Amino acid sequence: MKKIRVSLAIMLVATMLIGVYTTAFASGSVNGITVGKEYSATLDDGNMYLLVEVTNTNGVDTAVSMDAISIDAGGNVMETNAEDDVFILAPGEIYMLVGVFPNSGSATNYDYDLFVNTKLGSYGVQAAGNDLDTKGYNAGNGNVEIYVTNTGSEAVSGEAVVVYYYKGQIVDFGESGLYNTGGALKPGETMTARFYTKQAYDSFEYYVTGMK
């Protein structure tokens, strides 16, 4: 189990109506997991969010998780990430990790570790990204729909993330679990992940990952 630490100073501006995002580009890689885009935001719900895009450049399934902290102007730790899920990425797969900080609206800095494991044989889990056929649609009026079909032979659990942009800048994001009636997405099943934002946007990106 290895990790990479990336520390970037940010200025978070809390607003009552919309979130103001700061974008940073980190150049980091550990054990085949590379860091791409980073976004931080304080939204109108008062939560601070940290989004980190990662890519599995290994030739094998790789587990990755993020352990993050928020920091105040005095350099003191405010809280730890409220979400620390582990995701199994297939070779070449890209996903957006999300950190949530419910009590960090005044944070001015953050720090995080990425934990990476390429030896998954003993855990009995595999990446299912290659078994998922996905299509994303702009449904209008702030709605985005992601259709996910399990084309494999085993049930799949996982998540989807949508990131909204306006004039090249992030304005919102959303998360949804992959499930159908009775739980995990069974072979041949299709589910629709629905996302909504109140913010104006002109484009979006989506990320879907799963494990089996």
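Among the lysines of the chain, pairs at least eight places apart or on separate chains and with Cα atoms under 23 Å apart come to 13.
Roughly speaking, to the nearest percent, how much of the chain's 1.4 Å accessible area is carbon and sulfur?
Details: 4940 of 9830 Å².
The nonpolar share, carbon plus sulfur, comes to 50 percent.
Rolling a 1.4 angstrom probe over the protein heavy atoms with all chains in place gives the chain an accessible area of 46 Å² per residue. Look at where the Cα atoms of the range 134-212 and of the range 98-126 average out, and the two centres are 20 Å apart. Note on Leu120: accessible area approximately 20 square angstrom, rounded to 10, probe 1.4 Å, nucleic acids and ligands left out.
Here the relative contact order of the range 62-212, from alpha carbon pairs under 8 Å that lie six or more residues apart, stands at 24 percent. Accessible area ranking (1.4 Å probe, heavy atoms, ligands and nucleic acids excluded), largest first, for Glu38, Glu189, Glu93: Glu189, Glu93, Glu38.
Within 10 Å of each candidate Cβ there may be at most 12 other Cβ atoms; applying that plus a DSSP loop requirement, which trypsin sites (Lys or Arg not before Pro) in the range 106-179 survive? Intermediate values should be presented prior to the final figure.
Working: sites: Lys119, Lys135, Lys167; in loops: Lys119, Lys167.
For trypsin sites (Lys or Arg not before Pro) across the range 106-179 that sit outside H, G, I, E and B with at most 12 neighbouring Cβ atoms in 10 Å, the list reads Lys119, Lys167.
The values are calculated or read from the model by the stated rules, or taken from the named source; none is laboratory data. Here the structure is a predicted model, which means the values were calculated and not measured. Because the Cβ atoms are built from the backbone with ideal geometry, glycine has one as well, and the counts that use them run over all protein chains shown. Protein only, heavy atoms only, side chains kept; ligands, DNA and RNA dropped before computing areas. Shrake-Rupley method; radii C 1.70, N 1.55, O 1.52, S 1.80 Å.
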